[in-house]
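Following: one structure in structure tokens, then a few remarks.
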Amino acid sequence: MKTDALIAMLAQGPLVVPRRAVGHRLLAAIAIGAALAALVMLATLHLRADLAAALHVPMFWLKLAVPLVVAALAIAALRRLARPGGRAGSAVALGATFLALLAACAVADVVIAPAAERAALVLGKTALPCVFIVAALSLPTLVAAFVALRSLAPTRLAAAGAAAGALAGGVGAAVYAWHCNEMTLPFVAVWYVLGMAIPAILGAVLARRWLHWS
Amino acid sequence: MEDVEEALRAALLLALAGDKAAYVAFLTRSGAHLRAYFRRRLVTFPNDVEDLVQETLLAVHNRRHTFEPAARLLPWLYAIARYKLVDLLRAQSPRQAVEIPLDDDGIGELIPADASPAESQRDLAKLLDTLPDRYRLPIVLVKLEGRSVAEAARATGMSEPAVKVGIHRGLKKLALLASTRR
């Protein structure tokens, strides 16, 4: 077929496409992923028993803020990475700065604490469940974000996959924070971050295969 | 350079508002630039150039909702072209590392564009043959032979709306087939 004929064919269908398709599809993915994660959390883990009291403790909100910042930066990167030629941009540097800051605060917390309490500050009582449940609660968002990306056109697949994973991790951790009883910054800095890192790495690894579009 | 950017952008924005003539102009001109871009990179596989031009135009069409009206057009267009090129080279030498500089967006060598298309090697007409008659006949009669919808309806015994729907759905199917072929 001649290219001119192809062009004539392509010009036949309706040309108008939804505006802001990228933003809308990513938002829909987040809404679906967050809703599913919240449902699973409420049904199997339940809200923490002392939630009403915890709402008055700043640490509760800080614990929620960490994953929300990660998710917000990941969305910013993803909105760009979802388009041909898009790069992650400044979100990567901002995210690295944020995590470094978090780590510094956590180290300071540990150093200030009496030696006998240090281990408990970091390890808490639920370190391993935290990591794996955060990763598990991130899966709905990871899948939804991948579905959305497949309908868009990322050209840096691994970066887009990692950003989708970081977004999913942020959503998963933000949902888990409503169940989790741990109230120390070092705990969040280690185990929440690890839990979010798992979907991010998973996203980067799966991207080449699952985000490829043609 | 700036002229090309502006002209192509303006044409695509008109097309996305429903202007078919602007869309034909946009795709034709983009095709010429893409042809020049691929020809310089596929010196050893000249037969693949026109295939790649068509695949890229198809991808541009199918992913046109990812164009951000406020953004620049050429980086978007060449990112798609480069993505298609890497796909092709990977398919041809899966074991060989394919080296294309990451920042090779091709914009620097926009001109001269190449407006003389060769015939595509992989004949889209063959794909057309795989479509059912209710899609294939309207496309052949109206799009390839240039007959009117009314004539096509008479020739096939289909109603006019059915011919239009057949063209529309058939083109969609064709685009899908062509884009999943490789």
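Listed conditions (1) at pLDDT 95 or above; (2) out of contact with any Phe, Trp or Tyr (no Cβ under 7 Å at 6 or more places or on another chain) are all met by A:P67, apart from (2). Counting only helices (runs of 4 or more DSSP H) wholly contained in region A:1-104, the ones carrying 2 or more residues that are open to solvent by 20 Å² or more (accessible area, probe 1.4 Å) and either more than 9 Å from chain B (Cβ to nearest Cβ) or of a type in the set (V, I, T) (or both) occupy A:21-40, A:51-54, A:58-81.
Within region B:129-164, work out how many residues are part of a helix (DSSP H, G or I) and either in contact with a Phe, Trp or Tyr (Cβ under 9 Å, 6 or more places away or on another chain) or among the small types (G, A, S) (or both).
Going through region B:129-164, the residues part of a helix (DSSP H, G or I) turn out to be B:129, B:133-144, B:149-156, B:160-164.
The next check asks that each one be either in contact with a Phe, Trp or Tyr (Cβ under 9 Å, 6 or more places away or on another chain) or among the small types (G, A, S) (or both); those that pass are B:150, B:152-153, B:155, B:162.
Qualifying residue count, region B:129-164: 5.
Any idea which residue in region B:43-54 is surrounded by the fewest Cβ atoms within 10 Å (Cβ to Cβ), counting only those that are touching a residue at least 12 places away in the same chain (Cβ under 8 Å) and more than 8 Å from chain A (Cβ to nearest Cβ)? It comes out as B:N47. Residues in region B:59-89 that are under 21 Å from A:D4 (Cα atoms), open to solvent by 10 Å² or more (accessible area, probe 1.4 Å) and within 7 Å of chain A (Cβ to nearest Cβ): B:H61, B:R63, B:R64.
The values are calculated or read from the model by the stated rules, or taken from the named source; none is laboratory data. All values reported here derive from a predicted model rather than from experimental measurement. No Cβ is skipped: glycine too gets one built from the backbone with ideal geometry, and neighbour counts run over all protein chains shown. Note: areas computed on protein heavy atoms with side chains; ligands, DNA, RNA excluded. Shrake-Rupley method; radii C 1.70, N 1.55, O 1.52, S 1.80 Å.
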